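Presented below is the structure to which this report refers.
The values are calculated or read from the model by the stated rules, or taken from the named source; none is laboratory data. Here the structure is a predicted model, which is why all the values come from computation and not from measurement. Counting neighbours? That spans all protein chains shown, and the Cβs are built from the backbone with ideal geometry, glycine included.
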Amino acid sequence: MQKPRHFLTLDDCSREELLGLLKRTGELKSGIPRSGKAKPLEGRYVGMIFEKPSTRTRVSFHVGISQLGGQAIFLNSREIQIGRGEPIRDTARVLSRYLDAIIIRTFGHNVLEEFARWSSIPVVNGLSDSHHPCQILGDLFTLQERGVDVLTMKAAWVGDGNNVANSWIEAASILGFSLKLACPEGYDPQLTGDSGKVTLVRDPSEAVQDADVVSTDVWASMGQEDEADVRQEVFRGYQVNSELLKGARKNVYVLHCLPAHRGEEITEEVMESAHSLVWDEAENRLHVQKAILEMLVE
């Protein structure tokens with residue numbers, strides 16, 4: 001049996017494949033069907049195992065699967081046997097007999113890797129504590145829509161070196177754009193990336209200097225609620241606000257994967273400004289994920 005292809009991180013794709021996914025996303029958003037089959041997932045079933053709460057990931061994948069002609073089956077991790085201690089390898093092998101692909105939104109990235117190791121169907125990372133590849137693909141497509149060259153742009157990240165930051169680092173290393181990340185000491189990303197393209201600094205003003213796009217995320221992610229008070233103090237100087245954006249390019253775009261804590265990592269003013277693309281990037285998760293599923297499910 002041929003080994004299935006998985007999408008756990010952006011590194012699972014080559015530069016050409018990532019650019020191809022962005023191109024196909026635009027076609028799907030415009031309603032252009034894939035050659036030979038308008039509904040590539042017709043008669044296919046895609047499972048969705050979620051250990052974390054979700055709005056955008058759950059709805060966008062469910063709708064996208066339906067638009068491609070397939071059927072989504074939502075599997076709450078607490079309601080299937082994996083939640084009662086069944087080994088991941090057993091669940092993976094059984095679900096592979098029923099489904100054509102599976103999307104997993106989990107805490108530890110090792111869960112995805114273990115599932116993929118034993119699965120005979122494609123596994124897609126809907127989010128893990130280490131990576132959020134679907135989000136970054138959606139962000140890149142959103143920038144392309146606005147005329148930004150994602151191969152030569154200057155991107156900035158301000159805040160926690162979390163899963164979204166790690167995926168931004170992978171994107172910069174693969175595509176070659178410049179990325180500066182401003183993170184407090186002790187909250188650096190796990191990845192370092194291409195040293196020629198990725199720079200880590202402490203000062204947010206340095207990171208956003210002449211930036212085409214500035215991205216951020218919450219200071220305390222899911223599972224870090226007990227650290228929220230400490231993080232409030234540590235990240236106090238890492239807010240994306242109008243004053244910070246003065247150092248960026250005049251037409252700078254601002255991204256946030258949502259949900260946002262307005263008044264903490266980003267101000268209400270910036271969220272609702274003409275610089276903000278947060279609603280477009282949320283919508284585009286739908287289209288980029290359809291392109292991913294098309295690529296994986298033959």
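A compact table of results
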| read-out | value |
| --- | --- |
| Selected residue [farther than 25 Å from Glu243 by Cβ, under 17 Å from the mean Cα position of the chain (by Cα), part of a loop (DSSP other than H, G, I, E, B) and assigned by TED's automatic domain parsing to the domain that holds Tyr238] from Leu191, Leu151 | Leu191 |
| Some residue of the stretch 84-91 being surrounded by 24 or more Cβ atoms within 10 Å (Cβ to Cβ) and within 15 Å of Phe50 (Cα to Cα) | no |
| Qualifying residues in the stretch 64-79 (those that are modelled with pLDDT under 95 and either assigned to a helix (DSSP H, G or I) or hydroxyl-bearing (Ser, Thr, Tyr) (or both)) - the one nearest to Phe50 (Cα to Cα) | Ser77 |
| From the options Val148, Val164, residue that is hydrophobic (A, V, I, L, M, F, W, C) and touching a helix residue (DSSP H, G or I) at 6+ places or on another chain (Cβ under 8 Å) | Val164 |
| Which listed residue is in a helix (DSSP H, G or I), of a type in the set (S, T, N, Q) and crowded, with 17+ Cβ neighbours inside 10 Å, from Ser167, Ser205, Ser221 | Ser167 |
| Cβ-Cβ under 9 Å pairs, at least 6 apart or on other chains, the stretch 199-216 side touching a residue at least 60 places away in the same chain (Cβ under 8 Å), far side among the acidic types (Asp, Glu) | Asp212/Asp149; Val213/Asp139; Ser215/Asp139 |
| Tabulated pairs, the stretch 163-175, first touching a residue at least 40 places away in the same chain (Cβ under 8 Å), second among the basic types (Lys, Arg), C-beta under 9 angstrom, 6+ apart or interchain | Ile174/Arg15; Leu175/Arg15; Leu175/Lys197 |
| Scan of the stretch 108-122 for residues that are under 19 Å from His132 (Cα atoms) and polar (S, T, N, Q), ordered by number | Asn110 |
